[in-house]
1. Could you tell me which of the residues 134, 120, 154 is acidic (Asp, Glu), in contact with a helix residue (DSSP H, G or I) (Cβ under 9 Å, 6 or more places away or on another chain) and more than 18 Å from residue 51 (Cβ to Cβ)?
2. Hey, among the residues in region 154-170 that are touching a residue at least 40 places away in the same chain (Cβ under 8 Å) and under 16 Å from residue 74 (Cα atoms), which one's surrounded by the most Cβ atoms within 10 Å (Cβ to Cβ)?
3. Please go through (1) in a loop (DSSP other than H, G, I, E, B); (2) under 14 Å from the mean Cα position of the chain (by Cα); (3) among the hydrophobic types (A, V, I, L, M, F, W, C) for residue 89 and return the number of the only condition it doesn't satisfy.
4. Being open to solvent by 50 Å² or more (accessible area, probe 1.4 Å) and within 11 Å of the chain's Cα centre (by Cα) is the filter; apply it to region 53-78 and report the residue that is nearest to residue 26 (Cα to Cα).
5. Do we have residue 73 as part of a loop (DSSP other than H, G, I, E, B) and either touching a strand residue (DSSP E or B) at 6+ places or on another chain (Cβ under 9 Å) or within 21 Å of residue 160 (Cβ to Cβ) (or both) here?
6. Would you mind stating whether residue 133 is farther than 15 Å from residue 84 by Cα and open to solvent by less than 90 Å² (accessible area, probe 1.4 Å)?
7. If you scan region 103-115, which residues turn out to be surrounded by 15 or more Cβ atoms within 10 Å (Cβ to Cβ) and touching a residue at least 24 places away in the same chain (Cβ under 8 Å)?
8. In region 81-94, is there at least one residue being on the phi > 0 side of the Ramachandran plot and among the small types (Gly, Ala, Ser)?
Amino acid sequence: MALLTFWLDHMTRPPESVSDESLSLNPDYIVEELSGVRMDYEQHIQRKFAAQKLFHFLDAEVTQLEQVSFANADPKNPLMRVYAERAEIINKGEDVYLTGNVKAVRGTDEDNGNITMVTDFLHLIPKENLVKTDQPVTIARFDTTIKAIGLEFDNRIGMIQLLSSVRAVNTK
């Protein structure tokens, strides 16, 4: 009888409190194979995204994505597409940090003058149409390849600012 009482007492106790730190390490939900569209009807801007997996962390208000792609279609600017192995979205989408084989393409695939950029880290600021990195980058357009450390790219005006150690090679 004492053993049964001990077992019942143990089973009916509320669970011990779990530290907040361990909760923030576990996502509150996971979504696989997703895509979405965000529209600004007044300015005719369309932003699309797709990912293999999404992890949302409620306590940290962070969303992480795996195998992600973003596209920004704005009638006033060339199409901008970005691909990466991982993305972390914070500040309700105002800051997007991309890591792992990041590739950005400005212009369509049919556009001979499109610009391709490759790096391992990229900070996107969608509202400002701005892209930044302090890591090595490689940019290719036509027969020219440019390598640099760090970059700021304003898609609204099409200006790329290379920050240091710039080298350019024209193969023509």
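1. Working: 134 fails: in contact with a helix residue (DSSP H, G or I) (Cβ under 9 Å, 6 or more places away or on another chain); 120 fails: in contact with a helix residue (DSSP H, G or I) (Cβ under 9 Å, 6 or more places away or on another chain).
Just one listed residue meets the conditions, 154.
2. 155
3. (1)
4. 64
5. In short, no.
6. So residue 133 fails the test.
7. Within region 103-115, 104, 105, 106, 107, 114, 115 qualify.
8. First, pick out the residues of region 81-94 that are on the phi > 0 side of the Ramachandran plot: 91-93.
Next cut, among the small types (Gly, Ala, Ser) only: 93.
Yes; the residues of region 81-94 include at least one that is on the phi > 0 side of the Ramachandran plot and among the small types (Gly, Ala, Ser).
The values are calculated or read from the model by the stated rules, or taken from the named source; none is laboratory data. The structure displayed is predicted, hence computed values, not measured ones. Positions of Cβ are backbone-derived with ideal geometry, glycine not excepted, and every protein chain shown enters the neighbour counts. To get the accessible areas, we keep the full protein, side chains included, count just its heavy atoms, and leave off ligands, DNA and RNA. Shrake-Rupley method; radii C 1.70, N 1.55, O 1.52, S 1.80 Å.
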